[in-house]
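Quick notes on the structure that follows.
Here, each number is a calculation from the coordinates, and none is a lab measurement. On a predicted model such as this, the values are computed, not experimentally measured, just so you know. Positions of Cβ are backbone-derived with ideal geometry, glycine not excepted, and every protein chain shown enters the neighbour counts.
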Amino acid sequence: MKKVVATCASFIVSYLFFISVGSASGVEGKEICRSSCGSLHNIRYPFRLKGDPAKCGDPSYELVCTGNKTVVEILSGMYLVMNIFYDNTTIHIINTGLLSGNCNLPLHSLSFGDVLIRFHPVHSYKYVISSKYIYAQNWATFVNCSKKIENNIYRPIPCLSQNNRFVYVTPGYSVESLLPSCGYLTMVTVGDVNITTTEGNVFQVLQKGFSLSWIVKNYTRSMVIHQCLRTAIEDTRDDMDGFTKFKKITYPFLFEYEFVECIKRSYNLYDGAAALYRSALVFIVFLDIAAFLLVLAILGRFVFGTLTIYAFLAYQLWNLLAPIDTVERFLRNEKALMPSRYAYTDIIAMTRHFKEKLGQGGFGAVYKGELPGGHLVAIKILGNSKCNGEEFTNEVATIGRIHHVNVVRLVGFCSEGSHRALIYEFMCNGSLDKYIFSSNGSNKHFTIEKLNEIALGVARGLDYLHQGCDMRILHFDIKPHNVLLDQNFNPKLSDFGLAKLYPKENSLVSAFAARGTIGYMAPELVSRSFGLISYKSDVYSFGMLLLEMAGGRRNVDNRAENSSQVYYPSWIYHQLEQTERLEFCNDIGIDNLERKLCKVGLWCIQMRASARPSMSKVVEMLEADGDTIDMPPKPFLFSSPTSSTKPSSVHPSLTEISTIYEDE
């Protein structure tokens with residue numbers, strides 16, 4: 001079967017390209033010129049001596065006759081030509097830098113960095129030099145070591161070694177494997193000898209020279225195709241050895257790959273190789289597409305059609321036989337509490353044609369709804385913002401897979417055409433910001449004990465996002481508006497539109513342009529000069545939230561009577577630093593719980609992310625006694641930022657600005 005496929009493929013490809021057969025290029029049409037220099041006679045194409053008529057030889061293979069010696073320049077190095085063998089297209093040369101003595105390293109020599117690795121479709125050579133010559137022999141590397149080396153592959157060079165400088169020669173061209181005490185000096189070609197085992201003086205061996213083959217582009221289009229067909233069949237057969245019967249079905253594709261790669265590599269033999277490669281690639285792509293469509297048509301007629309009919313009949317039979325009893329009804333009702341997909345008509349019915357609007361967010365409006373089982377829900381209808389797709393997928397990918405007492409549950413979603421909606425459990429007491437801010441700066445709704453309880457719940461929810469899931473979830477938008485309260489005023493984190501998932505064991509964090517809400521956004525999200533972005537960015541936002549809960553006012557308030565109180569974190573830090581009783585706007589003192597909340601908040605808003613505690617540590621601090629918490633360092637560079645009193649959201653840029661390491 002393998003031979004049949006190979007033969008068919010060979011026939012198809014050769015039939016295409018033998019329609020047009022190119023003419024030969026090479027020595028045909030070249031004027032036959034013969035020159036001599038010293039002992040080197042009969043110099044002819046492709047070589048020419050400098051000063052020969054313009055029609056003689058190839059200008060890129062020009063030789064120079066000086067002092068009855070023939071010299072060729074290769075990559076700025078001068079080499080003495082000892083002989084030219086036209087029968088096997090090789091030239092034997094010696095580096096002129098080696099002729100001045102028996103202990104001199106050449107000023108310029110061919111190194112591995114001067115060559116390109118190429119695999120000829122016919123020959124087995126590896127190295128192409130200056131696109132004109134081929135080198136298929138050995139290399140040697142001279143190294144300078146700071147101490148003596150006892151190693152068989154390091155051959156000492158006594159005439160170059162002195163004092164604490166020990167010079168060795170080692171075979172090969174890789175400097176990566178050198179011993180740590182050795183440094184690279186130069187690399188030379190040594191012909192077909194092993195420099196460490198050959199007898200005699202090293203420099204005498206080098207003075208024997210080495211051979212290069214020159215590249216002659218005398219192949220025609222048909223010759224390249226014939227050779228590449230044979231090469232592709234042989235290489236594919238070798239590659240398939242050891243393959244299982246299942247893997248051997250890839251034989252035609254492997255053959256096609258080997259064929260076009262062979263044509264691509266034949267540029268040294270045929271001037272039209274690039275055009276031939278493009279033609280072969282286009283033809284094979286069309287051939288594969290036609291074969292794929294043919295296979296699909298056959299499968300669709302004899303396999304898929306039959307399977308579809310059987311699947312439809314099995315589905316109808318299942319619906320007829322499935323028992324509809326009390327247990328089944330119970331399971332179907334409980335399914336309403338798991339994330340489910342709904343049609344847009346279901347959304348209209350749940351909201352009673354969007355009758356009761358609960359609020360308006362940055363990504364769309366929120367309506368009150370009711371599931372068929374009677375469960376109340378909040379349904380966010382996403383608008384037509386350019387960030388719709390990201391906000392929707394972020395919510396479903398993050399909150400849709402987690403369950404925690406302090407994270408709002410995603411009950412379901414809708415994605416139908418341009419309509420997108422997210423269905424959450426209903427939180428009857430709304431968001432936290434309605435309760436912690438008042439016109440006179442006092443917090444009348446909650447006792448300080450309840451505030452501490454709410455703060456601890458938010459901290460536990462955020463710690464769960466960072467450490468409790470299979471993937472680390474970064475929220476990037478912690479603020480009072482995104483903390484919802486249930487009927488018992490238990491807090492739940494919501495609005496995961498800006499959230500991102502990252503593996504916990506992976507310290508690489510892909511960071512976008514500034515994302516979050518001004519006033520709660522960590523400084524490193526605004527400028528890289530403040531450090532690296534990580535989960536500590538959420539810790540900063542939580543710290544700002546904690547200070548607002550403790551103070552009963554926004555952290556930036558231009559209406560403050562005292563200018564020093566405009567930026568609340570700066571003012572509260574000054575009060576704690578002076579170890580005086582805190583004075584809020586209504587001149588009521590602060591007890592230990594309030595002092596603890598302030599200290600934890602100030603720890604969380606440190607400018608350097610590495611100085612902020614993790615959320616696990618924050619939970620411990622909130623559960624501990626306030627007197628056990630140390631006074632944090634000053635967490636800000638200035639005391640009065642210029643931001644406005646009303647926070648505004650900053651949506652993520654569509655362009656990723658950096659990939660950075662998480663600062664632990």
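Observations on the structure shown:
- Long pairs among LYS536/LYS634; LYS479/LYS504; LYS368/LYS500, criterion Cα-Cα beyond 21 Å: LYS479/LYS504; LYS368/LYS500
- Measuring r between the beta carbons of THR96 and ILE289 and using R0 = 60 Å, the FRET efficiency lands at 0.55.
- Here the gap between VAL526 and HIS419, fully extended at 0.36 nm per residue and compared with their Cα-Cα distance, gives a gain of 35.2 nm.
- Length added when fully stretched, HIS403-ASN201, from 0.36 nm per residue minus Cα-Cα: 64.9 nm
- Sequence-distant residues sharing a close amide H with ILE74 (under 5 Å, placed H): TYR79
- FRET efficiency, 1/(1 + (r/R0)^6) with R0 60 Å, evaluated for ASP238 and ASP433 via beta carbons: 0.25
- ARG44-PHE253 pseudo-label distance in nm [points 7 Å out on the Cα-to-Cβ vector]: 5.1 nm
- One Cα centroid belongs to the stretch 130-192, the other to the stretch 465-480; the line between them spans 56 Å.
- Given their separation in residues at 0.36 nm each and the Cα-Cα distance between them, MET631 and SER60 gain 197.8 nm when the chain is fully extended.
- Cα-projected label distance for ALA297 with MET82, points at 7 Å along beta-carbon direction, nm: 6.6 nm
- In nm, spacing of pseudo-spin labels at THR308 and VAL282 (7 Å Cα→C-beta vector): 3.5 nm
- In terms of packing, defined here as the mean over residues of other Cβ atoms within 10 angstrom, the peptides 536-547, 37-48, 220-231 line up highest first as 536-547, 220-231, 37-48.
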